[in-house]
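First up is the structure itself, then whatever we jot down about it.
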Amino acid sequence: MTQGMTTDELVALVRRVFAPGPGDRGLAVLVDLPDGQVPDQPEWRERRALAAAWVEALAARSGDLGFPVHLVAYPNVHTNNGDLPGSAWIHRGGAPPQHAGDLDPAAAVPFPQIYADHSILIALTTFSATAPLKVAARQHPIRAATMPGFTAAMLPSLRLDYQEVNRRVELLKGLLDRATGADLRFRHPGGEARLHLDLRHRAAHASGGLLPRPGTAGNLPSGEAYIVPYEGERDGVPSLSEGTLPVQFGPEVVCYRIQGNVAVGVAPGGPEAAREAALLKAEPAYGNLAELGLGVLAAFGVKPVGTVLLDEKLGLHIAFGRSEHFGGQVGPAAFSRPEAVVHIDRVYVPETQPDVAVADVTLALEGGEAFPLMREGDYVPGLFAGGGL
């Protein structure tokens, strides 16, 4: 049983995403485990069962793939994009572990050894491992697909035409690379909000669902170009990011006041605004604007499922918190403790924020050209002309 995908589809997925070759040493499917601090949940159990089923199916075809396939477990790190623990456990048979307490300390394997023995990793985890695996990929010749919060509802997104997805993502990356800034205008029940993002001194990234080169890590399913706004780390060169960013929490829209690429406060409002204001005061790094992301999967008929892994790939999203894994300057050391490290995406599609509309997004390109990118939540007509859709 492969939980909705045939063995042939799984093998084809590995070949399409990673383009494995003679130098590949192994494939590790990573899972994180609940503990006394973070209890188990039904979706978490289903995700671990999915990982175990994929490992069983792919291991049966290890001769075709050319390398062994293992299930690798580790205790969860209590937060998205927190650093991974020092060690993990390779499942050697029998019932897979279901709790961090099931792991035998004597059988622990240092993560550098996991990387040495497995050049391909798929992280089917509950807490996102994207940031630490991006950092690890700079030091080890691995390539990793991260799938935090993956559910069976996302399986159709693994069957998309990723050559066309990748083409569109690369087009957006090229535009972001040329941009010195982005001007965003939102509408919400309280009125209009405008935000300028400083994109100087940064290179954009493409995450098109293809990871053929060692030293890379990215989400799967995928389909976005993204860039870290300039955070003002150069002496005498402050960040020009400023304005207001609205984010909907349930029925309440919280408006963050942005100065120097950091949320320095929120407009007075309801309980969510009060909670966010207290969080910004206690954990200033949380307010760092860490990413401008542009997803493309909505045009392929993909709908939100309530999980950021997929939903952010549908359109515009802006993240708060950790950025160094994307080429920024804010890392775990900027937070008060490991459990406080976050990279949180706020997704601007009607299903996730129905009371916040993206009126328009305009890029300021080098030379002063204003390039219209989005209007009324959609990319401008003709932007992706020449492809397969």
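Pull up the cross-link candidates among the lysines for Lys313, meaning alpha carbon to alpha carbon under 22 Å and not fewer than 8 places away within one chain. Candidates past the 8-residue exclusion: Lys134, Lys173, Lys303.
Of the GluC sites (Glu not before Pro) found in region 311-389, the ones in coil according to DSSP and having at most 14 other Cβ atoms within 10 Å of their Cβ are Glu351, Glu366, Glu369, Glu376. Summary value for region 1-153: 29 percent relative contact order, contacts being C-alpha pairs under 8 angstrom separated by 6+ residues.
Between Phe371 and Arg194, 0.36 nm times their residue separation minus their Cα-Cα distance comes to what? All intermediate terms of the calculation are to be shown ahead of the outcome.
Values: separation 177, 0.36 × 177 = 63.72 nm, distance 1.67 nm.
Extra length available between Phe371 and Arg194 comes to 62.0 nm.
On full extension of the chain, what length is gained from Ala274 through Asp83, given 0.36 nm per residue of separation minus the C-alpha to C-alpha distance?
Net length gain for the segment: 65.9 nm.
Could you give the length gained by full extension between Arg234 and Ala116, i.e. 0.36 nm per residue of separation minus their alpha carbon distance, to one decimal place? Show your work: numbers first, answer last.
Working: separation 118, 0.36 × 118 = 42.48 nm, distance 3.60 nm.
Stretched out fully, the Arg234 to Ala116 stretch lengthens by 38.9 nm.
Quick one: if the Förster radius is 22 Å, what FRET efficiency do Val109 and Arg337 give, using the C-beta to C-beta distance and rounding to 0.05?
Working from the Cβ atoms, E equals 0.25.
Normalising by the residue count of region 148-301, find the relative contact order in percent from Cα pairs under 8 Å and 6+ residues apart. Kindly include the intermediate steps, with their values, before the conclusion.
Values: 269 pairs, mean separation 31.7, N = 154.
Result for region 148-301 is 21 percent.
Other residues whose C-beta falls under 12 angstrom from the C-beta of Glu276 contribute a net charge of +1, scoring Lys and Arg +1 and Asp and Glu -1.
Modelled label positions at Ala95 and Glu46, each set 7 Å beyond Cα in the direction of Cβ, lie 2.1 nm from each other. Against the main long axis of the alpha-carbon atoms of the chain, helix 7-18 sits at an angle near 50°.
Tell me the angle of helix 42-60 to the major Cα principal axis of the chain, expressed in degrees between 0 and 90 and rounded to the nearest ten. For 42-60 against the chain, the angle is about 50 degrees. For region 25-51, the residues whose backbone nitrogen is under 17 Å from a point 7 Å from the Cα of Asp102, taken along Cα to Cβ, are 29-51.
If R0 equals 45 Å, the separation of the Cβ atoms of Asp355 and Asp64 corresponds to a calculated FRET efficiency of about 0.35.
Over the chain, Cα pairs under 8 Å with separation of 6+ residues give a relative contact order of 15 percent. Spin-label point model (7 Å from Cα, Cβ direction): what's the Lys303 to Glu56 distance in nm? It works out to 3.1 nm between the two label points.
For Asp177, what is the net charge nearby, where nearby means another residue's Cβ is under 12 Å from its Cβ and Lys, Arg count +1, Asp, Glu -1? Provide the component values of the computation, followed by the final result.
Numbers: positive: Lys173, Arg178, Arg200, Arg202; negative: Glu170, Glu366.
So the surrounding residues net to +2.
Please compute the net charge surrounding Gly215, taking Lys and Arg as +1 and Asp and Glu as -1 over other residues with Cβ under 13 Å from its Cβ. Could you put the intermediate results ahead of the total?
Numbers: positive: Lys134, Arg138, Arg143, Arg213; negative: none.
Once positives and negatives cancel, what remains is +4.
Give the residue list of GluC sites (Glu not before Pro) in region 150-243 that are DSSP loop and have at most 15 other beta-carbon atoms within 10 angstrom. Mind showing how you got there, number by number?
Details: sites: Glu164, Glu170, Glu192, Glu224, Glu231, Glu233, Glu242; in loops: Glu231, Glu233.
Of the GluC sites (Glu not before Pro), the ones in loops of region 150-243 whose Cβ has at most 15 other Cβ atoms within 10 Å are Glu233.
Spacing of the modelled spin labels on Leu171 and Arg187, each 7 Å from Cα toward Cβ, amounts to 2.6 nm.
Taking the Cα atoms only, what angle lies between the long axis of helix 162-178 and the longest principal axis of the chain, rounded to 10 degrees? Long axis of 162-178 versus the principal axis of the chain: about 40 degrees. Cα gyration tensor of region 1-130, axes a ≥ b ≥ c as square roots of the eigenvalues: rounded (a/c below 1.5), prolate (a/b > b/c) or oblate? Prolate shape, in that a/c is at least 1.5 and a/b is the bigger ratio.
Read-outs: derived from the displayed coordinates by stated rules, not from any lab. From a predicted model like this one, the values you see are computed outputs, not experimental measurements. Note that we place each Cβ from the backbone using ideal geometry, even for glycine, and neighbour counts take in every protein chain shown.
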